[in-house]
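Worksheet for the structure shown next.
The values are calculated or read from the model by the stated rules, or taken from the named source; none is laboratory data. Given the structure is predicted, the values throughout are model-derived calculations rather than measurements. Reconstructed Cβ throughout: ideal geometry from the backbone, glycine too, with neighbour counts over all protein chains shown. Areas reflect the complete protein model, heavy atoms only, side chains present, ligands, DNA and RNA absent. Shrake-Rupley method; radii C 1.70, N 1.55, O 1.52, S 1.80 Å.
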Amino acid sequence: MSDERKRRVDRRPRLTDRRKYPVEVRMAAVQIVRESPGRTIRSIAADLGLKEDTLARWVRRARDAQIDPDGSMSDAAKQRIRELERENARLRRDLDFERKAKAFIRQNLHRRSDSR
């Protein structure tokens, strides 16, 4: 094997080369994701110098721990809870939009009646 090829082979990441992050770092990164609803995990991971998959895994594990702290639920049950949480968030957004639309319409009707 040539020296150049050996150097290329040696640069490949090994399982033992994985970085181990302290629990405090993981918790802080997950907290940043939770407090940044308008940002993607990709952009937050880039800002923190982490791989997107790593941060996404931390966030997913934190959500699972929040859903089932003692680990007694099946994966299917946890998945169902996540689906219901997503649906609940969507319905809240829809309701908020409807409220804002009604307020906007009322405001415009009030302006029109005042201008006559």
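Leaving out ligands, DNA and RNA, and with a 1.4 Å probe, what % of the accessible surface on segment 10-112 is carbon or sulfur? Numbers along the way, then the final one.
Details: 4620 of 8880 Å².
After summing per-atom areas, the C and S share lands at 52 percent.
Which shape class applies to segment 56-115: rounded if a/c is under 1.5, otherwise prolate when a/b exceeds b/c and oblate if not, where a ≥ b ≥ c are the square roots of the Cα gyration tensor eigenvalues?
Verdict is prolate for segment 56-115.
Which length gain, in nm to one decimal place, applies between Ala101 and Arg63 when the Cα-Cα distance is subtracted from 0.36 nm times their residue separation? All intermediate terms of the calculation are to be shown ahead of the outcome.
Details: separation 38, 0.36 × 38 = 13.68 nm, distance 3.26 nm.
Result: 10.4 nm gained on full extension.
Going from most exposed to least, what order do Thr54, Thr40 have by accessible area with a 1.4 Å probe?
Working: Thr54 25, Thr40 80 Å².
Highest to lowest solvent-accessible surface, that is Thr40, Thr54.
Quote the charge dipole size of segment 19-91 about the Cα centre in Debye, to the nearest 20; the model charges only the Cβ of Lys and Arg (+1) and of Asp and Glu (-1). Display every interim value, and only then the final one.
On the way: 16 positive and 12 negative charges, 47 e Å.
In total the dipole reaches around 220 debye.
With Rg and the Kirkwood Rh both taken from Cα atoms, where does Rg over Rh land for segment 19-93?
Values: Rg = 13.5 Å, Rh = 13.5 Å.
Rg divided by Rh gives 1.00.
Summing Lys, Arg as +1 and Asp, Glu as -1, what charge do residues with Cβ under 13 Å from the Cβ of Ala101 carry, Ala101 excluded? Mind showing how you got there, number by number?
Numbers: positive: Arg93, Arg99, Lys100, Lys102, Arg106; negative: Asp94, Asp96, Glu98.
It works out to a net charge of +2.
How much net charge surrounds Val30 when only other residues with a Cβ under 12 Å from its Cβ are counted (Lys, Arg +1; Asp, Glu -1)? Present the calculation step by step, with values, prior to reporting the outcome.
Numbers: positive: Arg26, Arg34, Arg57, Arg60, Arg61, Arg63; negative: Glu24, Glu35, Asp64.
Net charge around Val30: +3.
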